[in-house]
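Asker: Before we start, here is the structure in question, set down as structure tokens.
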Amino acid sequence: MTTHPQTTKAQKAETQKTVAWWQFALIGVMIMMFILFAAGLGRDSKFIPSPLIGKPAYDFNLKQLGAEKQIKLSDYKGKIVVLNFWASWCVTCREEHHVLLESSKAVQPSGKVQFIGVNSKDTDKAAFGFMDKRGHFPYPSVIDRQGRLALEYGVYGMPETFFINKNGVIAAKHIGALTHKILADKLKQAEALQ
Amino acid sequence: MRFLIAFVCISLSLSLAPASLFAAETVKDTVSKKEPEVKVESELEKKLRFVASMLRCPVCQGESVYDSHADVAVEMKRLIREKIEAGETAEEILTYFKDRYGNFVLMEPPAEGLHWVIWVFPIFMALLGGLFLFQNLRTGAKDLQQTKLDDFDGQETTDDNSSEVSDIKELRL
Amino acid sequence: MSGSLIEIGLGATSLSLIIAIASMVLAFLSLYRGAPSFLHSARHGMILIAVLTTIGCFTIIWSFVIKDFSVLYVAQNSNSQLPLLYRLTALWGAHEGSLMLWLWYLATFSAIAVYVHWKSHPLSMPYVIMTLAGLQIGFMVFILFLSNPFIEVHPALPDGRDLNPLLQDPGLAFHPPTLYMGYVAFSIPFAFAIAALARGQSGREWVVTTRRWTLFAWVTLTSGILLGGYWAYYELGWGGYWAWDPVENASLMPWLTGTAFLHSIMAQDQRNLFQTWNVFLVITTFALSLLGTFLVRSGVLTSVHSFAADPGRGAYILGFLVVVSVIAYGLLVWRGHRLIGPHKVSSLISRESALLYNNLLFVAAAIIVLTGTLYPLAIEVLTGERVSVAAPYFNKVMAPVMLGIVLLMGLGPLIPWRKSSYKKMQQQFTIPFGLAVLIAVVAYFLGATDVIAMIAIGLVGFVFAATFMDIFGAVKAHMKVTERSWFSSLSILAGNNQRRYGGFIVHLGTLVLIIGVIGSAFFKEEATVNMKPGDQVVSGPYTLTYKTIVPQKGPNYTERMAFFEWKKQDGTTGTLTPSKRNYPVTQTVTTEASILSTLVGDLYVVLGNEHGKGEVTTRVFWNPLVNWVWIGWMIVLLGVLFAMTKRAPKIVSTPNKKPTEEVMA
């Protein structure tokens, strides 16, 4: 300091001022980043919103699994359709299997709701092996051998479930294993949507 | 104003687009026709690469559809191939996937809505940095005018010769 | 017997937590009670912790060696068929072991730093020990309570799951520990930065010490990043080495700010400038290392090599990051101005200002990477929309910044301190600049039609020319004065200026690396074709003939291996054998690329799907100059070694000198 007498008070004050300027910037950026991370931690990183919600569901016409019959989505207009993509090789599908069995048995008899499975990228043999072991669905599944229907519905990975209202509009979607609660919630959403 | 920003963004992104993307399309058409068994990448495959490189593999989440070996990506490539054969343009195919998977499936945010932020941000940063520099150097140059240059002529040393070892001795005195 | 071994590891780690707390308290008390014995005890504590954590790590490694599947971590990450090498490297195969490795590095570096700098930093030592012990406590609590690798299962499992097949590769086996070493080594400069802020002074030794440790951390981080690139290139089979994956970005950010620091510290060393800024860079570099860990481990970002996400762990790391940042940046905001010296950069063209431009570009690059990486998260939190920011964005935005950095690489080291003039600049740089334009034009006519590629090639030529002209001039002058041969002149010059010439070597290595990047990014050829046996494909200077595909068996996998014959125009031939591997235990398939690697470029073959009768989809790449990337890295290593051979200057005590204001304050 002694070698530089020109370091006046005014100059000191100026360095102080610039310091204050970046101090605020630094603190602001820090706080914003921490809020961002905290908010980021709280969310489900698997959840990806589908642009298909609120849009008419793609009307497929595919062969039924284990039957010489075509299934057309628009045949079920007037009912809420629960469209569940599954495959025998999908590990998470095993987790939700009992939920699908139980709730479809409970809800379908009312005639308001129809479950449809989509057996995607699978073989008939493996699919039946899966159901023989874990229980057959009390509703039909269609065969989506190549996974084209999955692409059409923007499916990221099995299992995914779409809830289509009685006018054929996609009301909600769930990625991952279903639980009874999620299923009930989404059904309500499908009912509410006109 | 918005148009201006959009214009800047578009011209920037066009001028900076990686050559590899376009270079790939002009690669090696010069294979001699004398050897009939020589395989050349088909036009279809080139278009496929162009489109599939702009799509993000939905399950692997870092790779493009073209680079990925995942099941979904393989099926997506097959579908893209069929769509190219059916005469669809790259834009139509990208829109097809965007409409079903959302913007997530694109390798970079689309130039719509709020997303101009991420393109303008680097320019903003550059301006801010330049401003900081200008400010800093201007005051620095003023200081210099007030100081005699020969004050610190010659060797490069610092004024701060303070050392912890000597400091601690002084403090103890 | 084996059960008790892992218990010893757990015991040692638990004990080290208690000692770390004690050391921190003792170091703190030594500040106020002035009792040197307290600080001595704290020092012993730091060394004891290093020993104890070594024992902790060793017990885990030994459990892997003897295949002790009663240890949960061993059972989850190894298998009785796994070769010994990968059983050893399985320590960092998953979350728990990786953190143990982190802790071990931290404890070891802390002990070394406290031991080595004990005499030269008597006033900083309490703060250094407090900071390091605090960081250790943070990691120990995490390991012992949230991610414990010492957990046992009784009865022992018959056999383990397998190590992630992607990690069963020499490249990736050594990528994480090198990367972690780089991250952790930044904690030492960080501790000294905290000490500087707490004391309100960063003196001569501060510069020497932080520079050495940062250089070490920087070179390990560089090696870690490049090992990762090397692994990606060989193992992932998409023909590239850098994908702008969030995990890669997380390692790039501290590298960028660390590089900025290594440059700007020169200005503090030579001209007593940028003191606060340097402390800021050190803190930011370490904070970004922690941020990288948070991003990778918490699952906030999804990525190719994202690890099993656990929100509890994520919350802990975030909390830790917040505490570290609040303390460090808080100190900076509160006391940073005390470090500011009387000087300012005085000229637009001077070494100082060149360093300033350099720092702006590196920090801008770090901010761009940070923004691009966090943007999807921010958008999701704000609007709920999910978007991706991937390679296309980063390539476009980073290219101009990188070009600016290359330009400065040629200019900066040759501009004198304090002040240069346009006239002098003209003398120095006219010839290199002319050469650069010439090279760019030649490159254009040779097929480099892309603007960025052209500029980049010209700039590389510019830096080479400018640097060699400078060295040549210095050698010539030295030869004239001393009448020695050019070789002995050069060695004397380099020997007397190890740091400057070490820096030149590092720059040279970086240039070689950049040449590799330019070659492989702009001049890559790629073709995907369906091939039947006998079919040929042309790639670069090679003709590739597909022969056959056969099944094979490895130690813990089965594979389908294809045989290709390559032939060059000059008649040389050879075989390439890409394959697809199936690991039955984890049910994963990996593609193994087969590469003919030469200095001119790599012929790179990957298999796609088979279509029966031996027909297979094949992806063939011609990647020019890729090897230059790895060669450049080797040269960088050499340069750093050369620069580091310079002994730290002995601090001579100057009894007549008055203590500076800062110490008194």
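Asker: For the range C:525-624, what does the convex hull of the Cα positions come to per residue, in cubic angstrom?
Answerer: Values: hull volume 10.1 nm³, N = 100.
So the per-residue hull volume is 101 Å³.
Asker: To the nearest 0.05, how large is the calculated FRET efficiency for C:Val600 and A:Thr123 if R₀ is 45 Å and r is the Cβ-Cβ distance?
Answerer: Details: r = 48 Å, r/R0 = 1.06.
According to the calculation, E is roughly 0.40.
Asker: What residue among C:Phe621, C:Val550, C:Leu603 has its Cα farthest toward the positive end of the dipole of the range C:525-624, where the charges are +1 on Lys, Arg and -1 on Asp, Glu, each on the Cβ?
Answerer: C:Val550
Asker: Compare the Cα positions of A:Leu36, A:Phe162, A:Val82 along the charge dipole of chain A (+1 at Cβ of Lys, Arg; -1 at Cβ of Asp, Glu; about the Cα centre) and return the one farthest towards the positive end.
Answerer: Highest projection toward the positive end goes to A:Leu36.
Asker: P(r) of chain A in 5 Å steps, Cα pairs, percent per bin?
Answerer: P(r) for chain A, in whole percents per bin: 1, 7, 13, 16, 15, 11, 5, 3, 3, 3, 3, 3, 3, 3, 3, 3, 2, 2, 0, 0.
Asker: Quick one: Cα centre-to-centre distance for the range C:359-413 and the range A:143-194, in angstrom?
Answerer: Answer, in whole Å: 37.
Asker: Taking only the alpha carbons of the protein assembly as shown, what extent do you get along each of the three principal axes, in Å, biggest first?
Answerer: Sorted largest first, the three principal extents are 102, 72, 62 Å.
Asker: Oh, and also: Dividing the convex hull volume of the Cα atoms of the range C:168-321 by its residue count, what figure in Å³ per residue is obtained?
Answerer: Values: hull volume 16.0 nm³, N = 154.
Per residue, the Cα convex hull of the range C:168-321 comes to 104 Å³.
Asker: Using a Förster distance of 56 Å, how high is the FRET efficiency between C:Lys568 and C:Ile18, based on the Cβ-Cβ distance and rounded to 0.05? Spell out each step's value before the answer.
Answerer: Details: r = 66 Å, r/R0 = 1.17.
Computed FRET efficiency for C:Lys568 and C:Ile18: 0.30.
Asker: Add +1 for every Lys or Arg and -1 for every Asp or Glu among the other residues with Cβ under 15 Å from the Cβ of C:Tyr183, and state the total.
Answerer: Details: positive: C:Arg297; negative: C:Glu248.
Result for the neighbourhood of C:Tyr183: 0.
Asker: Over what distance in Å are the Cα centres of the range C:112-178 and the range C:525-554 separated?
Answerer: Cα centroid to Cα centroid, the span is 45 Å.
Asker: If you don't mind, another one. Let me have the relative contact order for chain C, percent, based on Cα pairs under 8 Å that are six or more residues apart. Each step should come with its number before you reach the end.
Answerer: Working: 1090 pairs, mean separation 70.9, N = 665.
That works out to 11 percent.
Asker: Return the carbon/sulfur percentage of the accessible area of the protein assembly as shown, one whole number, probe 1.4 Å, all protein chains in place. Numbers along the way, then the final one.
Answerer: Values: 29220 of 44650 Å².
Of all accessible area on the protein assembly as shown, carbon and sulfur atoms account for 65 percent.
Asker: Quote the accessible area belonging to A:Ile35 in square angstrom, nearest 10, computed with a 1.4 Å probe and with ligands, DNA and RNA left uncounted.
Answerer: 110
Asker: To continue, here is another question. What translational diffusion coefficient, in µm²/s and rounded to a whole number, does the Stokes-Einstein relation yield for the range C:78-158 at 4 °C and a viscosity of 1.567 mPa s, taking the hydrodynamic radius as the Kirkwood radius over Cα pairs?
Answerer: 86
Asker: Which distance in nm do the two modelled labels at C:Leu382 and C:Val589 give, with both placed 7 Å along the Cα-to-Cβ direction?
Answerer: Distance between the two pseudo-spin positions: 4.1 nm.
Asker: In nm, what is the difference between 0.36 nm times the number of residues separating C:Ser41 and C:Tyr115 and their Cα-Cα distance? Present the calculation step by step, with values, prior to reporting the outcome.
Answerer: Numbers: separation 74, 0.36 × 74 = 26.64 nm, distance 1.26 nm.
Residue separation times 0.36 nm, minus the Cα-Cα distance, leaves 25.4 nm.
Asker: Per the Kirkwood definition applied to all pairs of different Cα atoms, how many angstroms is the hydrodynamic radius of the range A:99-148?
Answerer: Numbers: mean 1/r = 0.0850 Å⁻¹.
Every distinct Cα pair counted, the radius reaches 11.8 Å.
Asker: Taking a point 7 angstrom from the Cα of A:Arg134 along the C-beta vector, which residues in the range A:31-66 have backbone N less than 20 Å away?
Answerer: A:65-66
Asker: Then there is this: Grab the eigenvalues of the alpha-carbon gyration tensor for the range C:1-136, scale each by 5, take roots, and send me the semi-axes largest first in whole angstrom. Present the calculation step by step, with values, prior to reporting the outcome.
Answerer: Details: eigenvalues 244, 36, 20 Å².
Over the Cα atoms of the range C:1-136, the semi-axes work out to 35, 13, 10 Å.
Asker: Continuing with the same structure: Semi-axes of the equivalent ellipsoid of the range C:13-54: what are they in whole Å, largest first, if each equals the square root of 5 times a C-alpha gyration tensor eigenvalue?
Answerer: Values: eigenvalues 84, 18, 4 Å².
Ellipsoid half-lengths, sorted descending, are 20, 9, 5 Å.
Asker: Over 27 Å between Cα atoms, which of B:Lys98/C:Lys524; A:Lys63/A:Lys112; A:Lys112/A:Lys181; A:Lys121/B:Lys77 qualify? Before the final figure, lay out the partial values.
Answerer: Numbers: B:Lys98/C:Lys524 29 Å; A:Lys63/A:Lys112 23 Å; A:Lys112/A:Lys181 19 Å; A:Lys121/B:Lys77 15 Å.
Over 27 Å Cα-Cα: B:Lys98/C:Lys524.
Asker: How large is the helix-only mean residue ellipticity at 222 nm for the protein assembly as shown, computed as the sum of -39500 (n - 2.57) over DSSP H runs with n ≥ 4, divided by its residue count, in deg cm²/dmol to the nearest 500?
Answerer: Details: 32 runs with 595 residues, N = 1032.
Theoretical 222 nm ellipticity from helices: -19500 deg cm²/dmol.
Asker: Report the accessible surface area buried between chains C and A, summing both sides, using a 1.4 Å probe on protein heavy atoms only, in Å² rounded to the nearest 100. Provide the component values of the computation, followed by the final result.
Answerer: Values: alone 29810 and 11890 Å², together 39140 Å².
Interface between C and A: roughly 2600 Å².
Asker: Per the Kirkwood formula on distinct C-alpha pairs, the Rh of chain C is how many angstrom?
Answerer: Working: mean 1/r = 0.0365 Å⁻¹.
Result for chain C stands at 27.4 Å.
Asker: Hey, can you find the accessible area per residue of the protein assembly as shown for me, probe 1.4 Å, expressed in square angstrom? Working shown, then result.
Answerer: Details: 44650 Å² over 1032 residues.
Per-residue value: 43 Å².
Asker: Once fully extended, how much extra length lies between C:Val481 and C:Leu88, figured as 0.36 nm per residue of separation less the alpha-carbon to alpha-carbon distance?
Answerer: On the way: separation 393, 0.36 × 393 = 141.48 nm, distance 5.74 nm.
Full-extension gain reported as 135.7 nm.
Asker: Want the number for C:Lys553 to C:Lys532: 0.36 nm per residue separation, take away the alpha-carbon distance, what's left?
Answerer: Details: separation 21, 0.36 × 21 = 7.56 nm, distance 2.33 nm.
Gain on stretching C:Lys553 to C:Lys532: 5.2 nm.
Asker: Along the charge dipole of chain C, Cβ charges K/R +1 and D/E -1, which of C:Gly516, C:Gly171, C:Gln498 sits furthest on the positive end?
Answerer: With unit charges placed on the Cβ atoms, the residue in question is C:Gln498.
Asker: A further question on this structure: Given H placed on each backbone N at 1.01 Å, which residues far from C:Ser70 in sequence or on other chains put an amide H within less than 5 Å of it?
Answerer: When sequence neighbours closer than 5 places are left aside, the close amide H contacts are C:Leu157.
Asker: Please work out the FRET efficiency for the pair C:Phe472 and A:Lys181, using the Cβ-Cβ distance as r and a Förster radius of 56 Å; give the result to the nearest 0.05. All intermediate terms of the calculation are to be shown ahead of the outcome.
Answerer: On the way: r = 77 Å, r/R0 = 1.37.
FRET efficiency, C:Phe472 to A:Lys181: 0.15.
Asker: Counting pairs of alpha carbon atoms under 8 Å apart in space and at least six apart in sequence, what relative contact order in percent does the range A:42-194 give?
Answerer: On the way: 265 pairs, mean separation 48.8, N = 153.
The normalised contact order for the range A:42-194 reaches 32 percent.
Asker: If you don't mind, there's one more thing I want to ask. Rounded to the nearest 100 Å², what's the accessible area chains C and B bury against each other, both chains counted, probe 1.4 Å? Intermediate results must be reported in sequence, preceding the final value.
Answerer: On the way: alone 29810 and 14060 Å², together 37050 Å².
The contact between B and C buries close to 6800 Å².
Asker: Further, regarding this structure: Cα centroid distance between the range B:37-90 and the range C:193-210, in Å?
Answerer: The distance from the Cα centre of the range B:37-90 to that of the range C:193-210 comes to 55 Å.
Asker: If the range C:395-523 were replaced by its equivalent ellipsoid, with semi-axes equal to the square roots of 5 times the Cα gyration tensor eigenvalues, what would those be, largest first, whole Å? Before the final figure, lay out the partial values.
Answerer: Working: eigenvalues 172, 50, 42 Å².
Square roots of five times the eigenvalues give 29, 16, 15 Å.
Asker: Excluding ligands, DNA and RNA, what is the accessible area buried between chains A and B, summed over both sides, using a 1.4 Å probe, to the nearest 100 Å²? The partial results should precede the final answer.
Answerer: Details: alone 11890 and 14060 Å², together 24090 Å².
What A and B bury together is about 1900 Å².
The values are calculated or read from the model by the stated rules, or taken from the named source; none is laboratory data. Since the model is a prediction, treat every value here as computed from it, not as a measurement. As a convention, Cβ positions derive from the backbone with ideal geometry for all residues, glycine included, and neighbour counts pool all protein chains shown. The protein model used for the area step is the full one, side chains on, heavy atoms only, and it has no ligands, DNA or RNA in it. Shrake-Rupley method; radii C 1.70, N 1.55, O 1.52, S 1.80 Å.
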